[in-house]
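What follows is one structure encoded as structure tokens, with my remarks underneath.
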Amino acid sequence: MLEGLVGGLTDIIYPNKCPACKTKVVGRWHDHFLCGHCRSKIKKNLPPFCHSCGRRLSKSGFAKNICPSCQKARMHFDRAFSPFTYEGPIKEVIHEFKYRGKDYLGKPLSRMMIDFVREYNIGAHLMDSVVAVPLSKARLREREFNQAHILAVHIGQAFNKEVLSDVLCRSRHTLTQTELKPEERLANVKDSFLVISPAAVNGKNLILVDDVLTTGATSSEAARALKDAGANIVFVLTLAN
Ligand SMILES: [Zn+2]
Ligand SMILES: [Zn+2]
């Protein structure tokens, strides 16, 4: 009875539509928030993973455990992990979550990240706290919420880790990375993060959460600020790469 009532309310609060292709989803939205077609089209990120950026290694990178692009430019984080590749339905959903104000997508999306951490035994038990990659104040006003923070809160809850909010911030406004060429992205975000309370991260092993890892420049710079402030290990966890 209560189950039915909660299910009914969920239907009212959350649109029963697939956020990727907008067709009606049959069944409980939370269990199947994507339609069957989009679920089958999502591209999982599969091992072997690059021991730096977390992308699937091709044959050429396999011997060194590090992909060619990470061999060229070393990242400041220790390792990054993503359950999906950034294309198809997952790209659509992330777009809806990030730019169309659909904060309720944070729960099912973070669940997929949590499942990935459990499936690949990523060592959440070794981590102390969770930190979200922050937005600049101007961008936060524009979007009204930080999508990475929403993901971080769910991930923190799942692994019983403290979420450190207001610890890391943007020290200056940067251009949107998606509008820049890959080679311009590092310069755009370089030295753009600031740790407000170094004592909160000093000696800690941190899970740094963001929605997408593309060139890795943003996560790498955020990790650098955390490490400069004394963080021990920084693992990056994103939805897609
Ligand atoms: Zn769909
Ligand atoms: Zn790599």
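Laid out as a table, the results:
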quantity	calculated
Flag if GLY101 is assigned by TED's automatic domain parsing to the domain that holds ALA200 and part of a helix (DSSP H, G or I)	no
Count - residues of the range 43-63 that are in contact (Cβ under 8 Å) with a residue 12 or more places away in the chain, open to solvent by less than 60 Å² (accessible area, probe 1.4 Å) and either within 16 Å of ligand 1 (Cβ to nearest atom) or in a helix (DSSP H, G or I) (or both)	0
Residue match in the range 215-222 (condition: assigned by TED's automatic domain parsing to the domain that holds ALA80, in contact with an Asp or Glu (Cβ under 9 Å, 6 or more places away or on another chain) and of a type in the set (Asp, Glu))	yes
Residue satisfying condition, being within 14 Å of ligand 2 (Cβ to nearest atom) and over 20 Å from the mean Cα position of the chain (by Cα), within set PHE49, PHE77, PHE81, PHE62	PHE62
Lone qualifier among LEU135, LEU140 - being modelled with pLDDT under 95 and under 16 Å from the mean Cα position of the chain (by Cα)	LEU135
Hits in the range 65-98 (condition: in a loop (DSSP other than H, G, I, E, B) and surrounded by 15 or more Cβ atoms within 10 Å (Cβ to Cβ))	ILE66, CYS67, MET75, HIS76, PHE77, ASP78, SER82, PRO83, THR85, TYR86
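Okay, residues lined up against (1) buried (at least 20 other Cβ atoms within 10 Å of the Cβ); (2) without any contact (Cβ under 8 Å) to a residue 60 or more places away in the chain; (3) within 22 Å of LYS91 (Cβ to Cβ); (4) more than 16 Å from the chain's Cα centre (by Cα):
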residue: PHE145; (1), (2), (3), (4): no, yes, yes, no
residue: ILE150; (1), (2), (3), (4): yes, yes, yes, no
residue: SER165; (1), (2), (3), (4): no, yes, no, no
residue: THR176; (1), (2), (3), (4): no, yes, yes, yes
residue: VAL189; (1), (2), (3), (4): yes, yes, yes, yes
residue: ALA199; (1), (2), (3), (4): no, yes, no, yes
residue: SER220; (1), (2), (3), (4): yes, no, yes, no
residue: LEU226; (1), (2), (3), (4): yes, no, no, yes
residue: PHE235; (1), (2), (3), (4): yes, no, no, no
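The values are calculated or read from the model by the stated rules, or taken from the named source; none is laboratory data. Just so you know, these numbers come straight off a predicted model, no measurement behind them. Note: ideal-geometry Cβ built from the backbone for every residue, glycine included; neighbour counts use all protein chains shown. Please note that ligands, DNA and RNA were not included when accessible areas were found on the heavy atoms of the full protein model with its side chains. Shrake-Rupley method; radii C 1.70, N 1.55, O 1.52, S 1.80 Å.
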